[in-house]
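Undergrad: Please see the structure below; I have some questions.
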Amino acid sequence: MPGRFITLEGGEGAGKTTLSRSLAAALAEVGLPVLRTREPGGAPGAEAVRGLILGQGPWDPVAEAMLHFAARREHVARTIRPALEAGIWVVCDRFADSTLAYQGAGQGLSHEVWERLCELALGALRPELTLVLDLPPERGMDRAMSRGDANRYEMQGSDFHARVRAGFLAIAAEEPGRCAVLDAAASADAVLAAALGATRERLAAPV
Ligand SMILES: Nc1ncnc2c1ncn2[C@@H]1O[C@H](COP(=O)(O)OP(=O)(O)O)[C@@H](O)[C@H]1O
Ligand SMILES: [Mg+2]
């Protein structure tokens, strides 16, 4: 694919949305065509499914994962794949790893079911670089709460968020070639610098 596919992952309030803005701006500044997008959502049908996922529930974990992958397939088909085919750098705030961390580590969905859904929904498409923003969940929750728009996941207990954090770190440990873990407790500027370092080293971006 001519474009490059970067995903940002991590728990609530870790700084994904903040970094997606600054990283996309830094790539654009060196003249690269960039698309910033986010999940669940990123295409009209996927945004409608986002409303279901966050507005309804509780869902059965497999049903919830299927909703995420239904939204993700729309997002890939209508937004991500066309952009990559056009040579655009795609910066995506959450992707399939979030489903493995939240529905897998958090809610007990098996790795096998997650893999099958991945294959079905994504074919061979995987991110080239995944930046995992790692932060103690209490700090992330404080940040997220100060934003004042808590969603259904943010309302879960501290055990859930601890499992989600461990889930993301396990994914990064399993795939060190794709994933870079960033210390999200650092300042937003320092997190951006680390993200740019990883993007330079791993994707040869001129940033
Ligand atoms: N590195 C950082 N240090 C301190 N505060 C941050 C940092 N990154 C983001 N924030 C703030 O924390 C809150 C949550 O950040 P956000 O990017 O929305 O996180 P996420 O998208 O991962 O939930 C926002 O108010 C944001 O301004
Ligand atoms: Mg966000």
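The values are calculated or read from the model by the stated rules, or taken from the named source; none is laboratory data. On a predicted model such as this, the values are computed, not experimentally measured, just so you know. In this analysis, Cβ positions are derived from the backbone assuming ideal geometry, glycine residues included, and neighbour counts consider all displayed protein chains. For accessibility, only protein heavy atoms count, side chains too; no ligands or nucleic acids. Shrake-Rupley method; radii C 1.70, N 1.55, O 1.52, S 1.80 Å.
Undergrad: For the range 11-49, what are the residues that are of a type outside the set (Gly, Ala, Ser), part of a helix (DSSP H, G or I) and either away from ligand 1 (no atom under 16 Å from the Cβ) or open to solvent by 50 Å² or more (accessible area, probe 1.4 Å) (or both)?
TA: If the condition is that a residue be of a type outside the set (Gly, Ala, Ser), part of a helix (DSSP H, G or I) and either away from ligand 1 (no atom under 16 Å from the Cβ) or open to solvent by 50 Å² or more (accessible area, probe 1.4 Å) (or both), then Thr17, Thr18, Arg21, Leu27, Glu29, Pro44, Glu47, Val49 are the ones that fit.
Undergrad: Restricting the search to the range 69-117, which residues are part of a loop (DSSP other than H, G, I, E, B) and within 16 Å of ligand 2 (Cβ to nearest atom)?
TA: Filtering the range 69-117 down to residues part of a loop (DSSP other than H, G, I, E, B) leaves 86-88, 94-95, 107-110.
Hits for the range 69-117 are Arg94, Phe95.
Undergrad: Being crowded, with 16+ Cβ neighbours inside 10 Å, under 17 Å from Leu19 (Cα atoms) and out of contact with any Phe, Trp or Tyr (no Cβ under 8 Å at 6 or more places or on another chain) is the filter here, so list the residues in the range 123-140 that pass it.
TA: Matches in the range 123-140: Leu131, Leu133, Leu135, Gly140.
Undergrad: Val181 is checked against (1) within 16 Å of ligand 1 (Cβ to nearest atom); (2) under 23 Å from Pro61 (Cβ atoms) and fails just one. What number does that condition carry?
TA: (2)
Undergrad: Only one of Gln107, Gln103 is touching a residue at least 40 places away in the same chain (Cβ under 8 Å) and open to solvent by less than 10 Å² (accessible area, probe 1.4 Å). Can you tell me which? It would help to see each step written out before you state the result.
TA: Details: Gln107 fails: open to solvent by less than 10 Å² (accessible area, probe 1.4 Å).
Criteria check complete, one pass: Gln103.
Undergrad: Follow-up question, since we're still on this one. Can you confirm whether the range 47-68 contains a residue that is of a type in the set (A, V, I, L, M, F, W, C), touching a helix residue (DSSP H, G or I) at 6+ places or on another chain (Cβ under 7 Å) and within 12 Å of ligand 2 (Cβ to nearest atom)?
TA: no
Listed here are the residues, each with its yes/no results for (1) out of contact with any Asp or Glu (no Cβ under 7 Å at 6 or more places or on another chain); (2) under 19 Å from His111 (Cα atoms); (3) more than 16 Å from ligand 2 (Cβ to nearest atom); (4) open to solvent by less than 80 Å² (accessible area, probe 1.4 Å).
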site: Met145; (1), (2), (3), (4): yes, no, no, no
site: Arg152; (1), (2), (3), (4): yes, no, no, yes
site: Ala170; (1), (2), (3), (4): yes, yes, yes, yes
site: Glu174; (1), (2), (3), (4): yes, yes, yes, no
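Undergrad: Would you mind telling me which numbered condition in (1) farther than 24 Å from Ala188 by Cβ; (2) touching a residue at least 60 places away in the same chain (Cβ under 8 Å); (3) in contact with a helix residue (DSSP H, G or I) (Cβ under 6 Å, 6 or more places away or on another chain) Ala43 fails?
TA: Unmet for Ala43, out of (1) farther than 24 Å from Ala188 by Cβ; (2) touching a residue at least 60 places away in the same chain (Cβ under 8 Å); (3) in contact with a helix residue (DSSP H, G or I) (Cβ under 6 Å, 6 or more places away or on another chain): (2).
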